[in-house]
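Written below as structure tokens is the structure these notes are about.
The values are calculated or read from the model by the stated rules, or taken from the named source; none is laboratory data. Everything numeric in this text was worked out from a predicted model, so none of it was measured. Counting neighbours? That spans all protein chains shown, and the Cβs are built from the backbone with ideal geometry, glycine included.
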Amino acid sequence: MTDTSEIAINRAGAKGSSVPNRSGPPEAELMREELQSVIDSTDFARAPIMKRLLSFLVGETAAGRGDQLKAYSVAVDGLGRAPDYDARADSYPRVQVGRLRRMLDSYYRATAPVVGLRLTIPSGRYKVMLEAAQPEVGEPAPVPAIPFIPERPLVFGQQIALLLVLLLAGTVLVLQIVPMRTGPPIADRERPLVDLSAVEMASRSEFGSLLRARLLDGLSRSTMYDLRAVRPTGALDPHPRLASYRLSAELTSSDRPRLFLRLSSAAPERLVWSGDISLPKTGDPGGDALDHALAPAIATLGRVNGVIATHQLQGNSGRQAIGYSCLLLYHQYRKVRTDEELENVRSCVTNSLELNPNNAGLQAAAAQLAIEKMVSTRTDPRNRSTLLLTARRHSQIAASIDPFDAWTNAARARIALLRKSCPQAINFARRAAQLQPYDPTLLADTGTYLLGCDDILAESMIRRAIALDDNPEGRFYAPLLLLAISRDNRRIAQEALTRMAPPIVGRHGDFYLISASGYAMIGDLTQAKTAWAQLETSYPAIARDPKNLIERLGYTEQLQAKVIGHLREVRLTR
């Protein structure tokens, strides 16, 4: 629980100014609400590093750790520098915090603080403070982000020529976009905006404020939407934008409280999803207990194949996708993994990056697609080193755009694993899971990468992915079975084999192959032969050469040897 007495608030302001006494949310919550307003602004939306840095500094200050902030922690935890960063030889955090101060000053020259107090970072410190906003006298109007001021008015002939050029450019762009299946292309669009209302409850309580802060923190980690905390009635939003969804939260007041969540679409207004969550006792709102209660709902809403992503994907059916729409289809492809969609997804990622190369998520997707092509048995081995370099280039660009993007760190972990650099792979995989601990797909990916380096956290990540998964096929038990095979653990293998089922969609070949190896390991020859017979019937090419599929899936050499070894022991393959 946040101890608001530890948070220093600078109330001095200008001479003679005063800050009114406030009731209601604690000061730490005021700081978080003001943070949300700032990072929702246009300038900060275009500066992801500054957005992440400010969020980190405010989070540490609000948690009472502002006085302990040092250059090293700001560089490593706040700016994504490597753990071997030398604060004595590199002034990077001081330079970036200086830039952040200037961005805050520029923001408050144009925008009044929502809570009446502005965020500030005193010179020579990293701790964030709240201070009274001071009106700027004689300040010029803010300069538009992309000004266009022609030197002289265009005459009629020039206007016609300009119109023809624009029409020609638009025609060329349309012709470059090939339909994915059928239907006209759709333009790139923003991620949908989700408005999170204040937690409604019978009586205002500190537990309600803590609950809202936890929801804000968890839901804001998703890349499938933008999240906005709805301000009190009557407060003006300095950056108005129509929301696509509204998430309401109602908390019952009792020793065993319950939280009721309702997600509704805005146009037309319809109920999309609802959830009923049993919370820990208000007198014992421990961090782990509250996270355990909220995590499934946060995952259901924010995961890449969750409620909002699926709802958005329905509007993409049968159309070529660009930008955010392409990311939706990319993550859908990673779930179903059908060959007929692969080239379409590759095409949309390539086209999207040509239009907007400064999208970290798309760069990370391009890195993963290059890796999949590299490990494919259909790829000429002579081209694999080039594809690995391509993947590294995309991942490095993604990291330069946003080092705090979880999918970027996951891609970097996979590349490091392929390069046999386990220290880097472990570092990137763990960081990815810390940045997004509510997406089971990402957790299963990072757990598999850690498995390749025999890291102790591999099992816990895979099990968290299983716990957060709500799909009927139990798709994340396959990584758990791989872990069991890698460790020769029959108990875990039995658990995974009992609960995993063939995927509803997508390829089944890898499922039957790994199942046969798992059953062979635990000595169940009947089930091993049954799984192998399914493989021979449905995927004879894989049955003839299973090693090719295992190599294409990108498993480590040690894991490949164990999978094939168990099959050879029971004479299912040579």
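Looking only at residues in the range 115-129 that are modelled with pLDDT under 85 and aliphatic (A, V, I, L, M), which one is farthest from the chain's Cα centre (by Cα)? Step through it out loud before you land on a result.
We begin by selecting, within the range 115-129, every residue modelled with pLDDT under 85; these are 115-117, 122-125.
Filter again for aliphatic (A, V, I, L, M), leaving 115, 117.
Details: VAL115: 28, LEU117: 30 Å.
Checking each candidate, the answer is LEU117.
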Could you please find all residues in the range 373-395 being without any contact (Cβ under 8 Å) to a residue 12 or more places away in the chain and not basic (Lys, Arg)?
THR379, ASP380, PRO381, ASN383, SER385, THR386, LEU389
Evaluate the range 482-496: report whether one residue or more is assigned to a helix (DSSP H, G or I), among the hydroxyl-bearing types (Ser, Thr, Tyr) and within 30 Å of CYS422 (Cα to Cα).
yes
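Hey, among GLY80, GLY64, GLY98, which residue is at pLDDT 75 or above and either assigned to a helix (DSSP H, G or I) or touching a His at 6+ places or on another chain (Cβ under 8 Å) (or both)?
Values: GLY80 fails: either assigned to a helix (DSSP H, G or I) or touching a His at 6+ places or on another chain (Cβ under 8 Å) (or both); GLY64 fails: either assigned to a helix (DSSP H, G or I) or touching a His at 6+ places or on another chain (Cβ under 8 Å) (or both).
Step by step, each of GLY80, GLY64, GLY98 is checked, and only GLY98 is at pLDDT 75 or above and either assigned to a helix (DSSP H, G or I) or touching a His at 6+ places or on another chain (Cβ under 8 Å) (or both).
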Failed condition for CYS422, given (1) at pLDDT below 95; (2) in contact with a Phe, Trp or Tyr (Cβ under 9 Å, 6 or more places away or on another chain); (3) hydrophobic (A, V, I, L, M, F, W, C), with all others met?
(2)
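Of all residues in the range 291-342 being among the β-branched types (Val, Ile, Thr), more than 16 Å from LEU442 (Cα to Cα) and not in a helix (DSSP H, G or I), which is modelled with the highest pLDDT? Full working, then the answer.
If we filter the range 291-342 for residues that are among the β-branched types (Val, Ile, Thr), which is where we start, we get 298, 300, 304, 307-308, 310, 322, 336, 338.
Subset that is more than 16 Å from LEU442 (Cα to Cα): 307-308, 310, 322, 338.
Next cut, not in a helix (DSSP H, G or I) only: 322, 338.
Values: ILE322: 87, THR338: 72.
Looking at the filtered set, the residue picked out is ILE322.
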Just give me the residues in the range 493-511 being modelled with pLDDT of 90 or more and buried (at least 19 other Cβ atoms within 10 Å of the Cβ), in sequence order.
ALA493, ALA496, LEU497
Could you please find all residues in the range 415-444 being within 19 Å of ARG475 (Cα to Cα) and more than 13 Å from the chain's Cα centre (by Cα)?
ALA444
Run THR386 past the list (1) under 22 Å from LEU301 (Cα atoms); (2) of a type outside the set (D, E, K, R); (3) surrounded by fewer than 19 Cβ atoms within 10 Å (Cβ to Cβ) and report the number of the one that doesn't hold.
(1)
Which of the residues that make up the range 349-383 are of a type in the set (Gly, Ala, Ser) and at pLDDT 90 or above?
SER352, ALA360, GLY361, ALA364, ALA365, ALA366, ALA367, ALA370
Sole exception among (1) at pLDDT 55 or above; (2) acidic (Asp, Glu); (3) in a loop (DSSP other than H, G, I, E, B) for ASP217, by number
(3)
Does at least one position in the range 522-541 carry a residue that is at pLDDT 90 or above, surrounded by 14 or more Cβ atoms within 10 Å (Cβ to Cβ), of a type in the set (S, T, N, Q) and within 24 Å of ASP469 (Cα to Cα)?
no
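Quick one: in the range 1-58, of everything that is part of a loop (DSSP other than H, G, I, E, B) and at pLDDT 75 or above, which residue is farthest from GLU131 (Cα to Cα)? If you could, list the steps in order and put the result at the bottom.
Of the residues in the range 1-58, the ones part of a loop (DSSP other than H, G, I, E, B) are 1-3, 7-26, 40-41, 46-47.
Within this subset, residues satisfying the condition of being at pLDDT 75 or above are 40-41, 47.
On the way: ASP40: 20, SER41: 20, ALA47: 24 Å.
Per the criteria, the residue is ALA47.
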Looking at the range 497-531 only, could you name the residues that are part of a helix (DSSP H, G or I), under 30 Å from GLN332 (Cβ atoms) and not β-branched (Val, Ile, Thr)?
LEU497, ARG499, GLY509, ASP510, PHE511, TYR512, LEU513, SER515, ALA516, SER517, GLY518, ALA531
When you scan the range 321-330, do you find a residue that is surrounded by 21 or more Cβ atoms within 10 Å (Cβ to Cβ), under 24 Å from PHE476 (Cα atoms) and among the hydroxyl-bearing types (Ser, Thr, Tyr), even just one?
yes
